[in-house]
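The values are calculated or read from the model by the stated rules, or taken from the named source; none is laboratory data. Not measured: the values here are computed from a predicted model. Glycine gets a Cβ as well: all are built from the backbone with ideal geometry, and neighbour counts include every protein chain shown.
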Amino acid sequence: MKIIYVFVLLALSGQATSIVQAQEMRLPQDPCGYPDTTSNEYRSAALLNWGYGYDSLKADLARWIWSPYVQIDSVGASVQNRALYMITIQADGIPALQRKRVWIHARTHPNEVQGTWVTNQIIEILLGGSDLARVLRDSCIFTIMPMYNPDGVELSFPRENANGVDIESNWAAIPGEPEVQVLRGVFTQFMSGTNPIEVALNMHSALACRRYFVYHDASGTSPLFAALEQEFIGAVQSYFPGGIEPYTYFVSWTGGAPTVYPESWFWYNHQESVMALTYEDKNCAAAGGYDSTAFAMLRGIADYLHVAGPITSSPETSAFPDAIAFAQNFPNPFNPSTTFTFKLPHNALASLKVYDILGRQMAVLAEGGHSAGPHTVVWNALGLSSGIYFARFVVTSIEGRPMYSKINRLVLMK
């Protein structure tokens, strides 16, 4: 996670405080890692590389390489010359122009091993036989770095690489740490190629013992990017109800976009074209459900990228057969009418509104309480000009808790 200075300041002042006290003081806190690196619990976990070391990774690589969908490359080296491995997962025989690229990297902070376990479950699902795996392998290129800071893992550092630098916040440095230079080079290569990155996930874990995405406020990005974040996070959340917090849980960049993080690099160089987010899993004794989290992320990615093909229920999906759904309008392009469908697993407040490309509201198609089940809404755009429009669908609980948000692109062609 990003904010690190509160506990440093408290330590320098000789004061001790708990996370709860820090929250009451309304001070920023560092939710990642261990609160006390001198504790026996920390030392025990660190001694074993937090349960997953560099040798563990190499053992998994030796297993994954047998899959016909996998290519493994060493794209650079750490300070101590450990290889930075990148896994590419895709099906053969699909034209490159038809693919969308997804980037995932984990273990920037060595003690946040839960982010690695979710990442490894993503790999396991993608190499499996489910409809979801088939659709994503056919439609996307997944490039994954499961251990970005191997030196820190092997040296039992909580946050830093072998040079003692937190490489999560090293992206404004010139030239930057070796690991940062490698990742930045990979990103630059992909973004100038045939299949640029469209989703980039930075996998961490948090002491708050909750699963959530770090949401970037419109003040630090743009209203459009904020809306797209809500669409993506809402899609992932809908496939793990009660498991992942709504986008409002952790809001960052309210004072503008910083320059020091990998997501900053994507924002300043590519703006809305890349959904670049940090994910925080649970860093606590109650952690688990890594397969459910991985499945929800992959389903959310499939929805966000609008990949083609049927995705039916599978062993990974059977726990959540009645998730919230908002389908792409049909027909699309349309003239002048089109139909929207959405499904609610229980009674909820639903809003469906249409906006033009400047963000002006054009129509309110649904607002207020809706019963469980499928719903259909027809929009007649008679009198509007040809062009791109956006339909935003938002669901909240009866108590007002955000549950789901998604944006679909509409094309009115007269």
*How many residues are at pLDDT 95 or above and under 17 Å from Leu61 (Cα atoms) when one looks only at region 124-152?*
9
*Identify all residues within region 209-219 that are touching a residue at least 12 places away in the same chain (Cβ under 8 Å), surrounded by fewer than 21 Cβ atoms within 10 Å (Cβ to Cβ) and either in contact with a helix residue (DSSP H, G or I) (Cβ under 8 Å, 6 or more places away or on another chain) or assigned to a strand (DSSP E or B) (or both); write none if there are none.*
Arg210, Asp217
*How many residues does region 220-247 hold that are over 24 Å from Ser169 (Cα atoms), among the small types (Gly, Ala, Ser) and free of Cβ contacts under 8 Å to residues at least 40 places away in the same chain?*
1
*Considering residues of region 164-197 that are buried (at least 20 other Cβ atoms within 10 Å of the Cβ) and charged (D, E, K, R) only, the residue nearest to Ala77 (Cα to Cα)*: Glu179
*asked:* Restricting to region 61-77, name every residue that is among the charged types (D, E, K, R) and at pLDDT 90 or above.
replied: Asp73
*Check Asn161 against each of (1) of a type in the set (S, T, N, Q); (2) assigned to a loop (DSSP other than H, G, I, E, B); (3) surrounded by fewer than 17 Cβ atoms within 10 Å (Cβ to Cβ) and name the one condition it does not meet.*
(3)
*Within region 98-105, is there a residue that is touching a residue at least 12 places away in the same chain (Cβ under 8 Å), under 26 Å from Val274 (Cα atoms) and out of contact with any strand residue (DSSP E or B) (no Cβ under 7 Å at 6 or more places or on another chain)?*
yes
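Residue by residue, here is whether (1) over 30 Å from the mean Cα position of the chain (by Cα); (2) over 23 Å from Gly300 (Cα atoms); (3) outside any strand (DSSP E or B) holds:
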residue	(1), (2), (3)
His375	no, no, no
Leu382	yes, yes, yes
Phe393	no, no, no
Ile398	no, yes, yes
Ser405	no, no, no
Arg409	no, no, no
*Residue list for region 207-256, filter: under 18 Å from Thr396 (Cβ atoms), over 12 Å from the mean Cα position of the chain (by Cα) and among the hydrophobic types (A, V, I, L, M, F, W, C)*: Ala226, Ala227, Phe240, Val251
*Return yes when Leu358 is without any contact (Cβ under 8 Å) to a residue 24 or more places away in the chain and either more than 15 Å from Asn332 (Cβ to Cβ) or in a strand (DSSP E or B) (or both) and no when it is not.*
yes
*Hits in region 91-113 - residues which are within 16 Å of Glu168 (Cβ to Cβ) and outside any loop (DSSP other than H, G, I, E, B)*: Trp103, Ile104, His105, Ala106, Val113
_What's the total number of residues in region 61-80 that are touching a Pro at 6+ places or on another chain (Cβ under 9 Å) and either touching a residue at least 60 places away in the same chain (Cβ under 8 Å) or not in a helix (DSSP H, G or I) (or both)?_
5
